[in-house]
Amino acid sequence: MKIFGLAGWSGSGKTTLLKRLLPELIGRGYSVSTVKHAHHNFDIDKPGKDSYEHRRAGATEVMVGSANRWALMHENRGGPEPSLDALVARMSPVDLLLVEGFKRDSHPKMEIHRPSVGKDLLCVDDPYIVAVASDETLPQVRVPVLDLDDVPTIADFILVHVELMRSVSHGAA
């Protein structure tokens, strides 16, 4: 399974880009899944639901399944946060796994950077950032800089980088 990440500071537009990339990549015939790093206290369950009550009563894992989807919730119960590798190992195989967040991990990633957010570029100190997508030109950056709004070109870059597609040429030959 090919893995590629979107990393950046909060408010940079990672989720917005991911929501635009998914239909682009799936429309090209690739199977794509995602994994997202969340803040410490996130919860996808709701009080009063049976699955929530199972977890509250002490279950380490609760699986909920239906005709439309299934979900597995695992309680760390004070244990360490799982690594990206451990989470990926639980994923079903697909052509491409897009990782949102996990900005300090060692997988290839594209930095999503908006100077208006007021944060430093991550690519300066991260050798795993292979490109930057931004809404402004960044002449100081030493990796390819892509237009944050040019989703087809960003998709091309990712697919070429993970070797799901050969190099593309834009424009007439």
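Tabulated data
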item	result
Pairwise FRET efficiency - T153 versus N68, Cβ, R0 = 30 Å, nearest 0.05	0.30
In Hz, Karplus ³J(HN,Hα) per residue of region 76-88 (6.51, -1.76, 1.60; θ = phi - 60°; x = Gly, Pro)	6, 6, x, x, x, 5, x, 6, 4, 4, 5, 5, 4
Label point distance in nm, E75-T137, each placed 7 Å from Cα along Cα→Cβ	5.6 nm
Rounded tilt (10° steps) of 151-161 against the dominant C-alpha axis of the chain	90 degrees
Other-chain or far-sequence residues with amide H under 5 Å of A133's (modelled H)	E111, I112, H113, L146
Among the listed pairs K49/K103; K49/K119; K19/K49; K19/K46; K46/K119, those beyond 30 Å (Cα-Cα)	K49/K103; K49/K119; K46/K119
Sequence ranges 42-52, 112-122, ranked by mean other-Cβ count within 10 angstrom, highest first	112-122, 42-52
Stretch in the chain that is longest and holds no GluC sites (Glu not before Pro) that DSSP places in a loop and that have at most 16 other beta carbons within 10 Å	1-74
Listed residues P23, H37, N68: farthest to the positive end of the dipole of region 1-71 (Cβ charges)	P23
Projected area, mean over directions - the chain, Cα convex hull, nm²	12.6 nm²
0 to 90° range, to nearest 10: angle between helix 14-27 axis and the chain longest Cα axis	80 degrees
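Read the figures in this text as sums done on the coordinates, not as results from a lab. Owing to the predicted nature of the structure, the values given are computational and were not obtained by experimental measurement. Glycine gets a Cβ as well: all are built from the backbone with ideal geometry, and neighbour counts include every protein chain shown.
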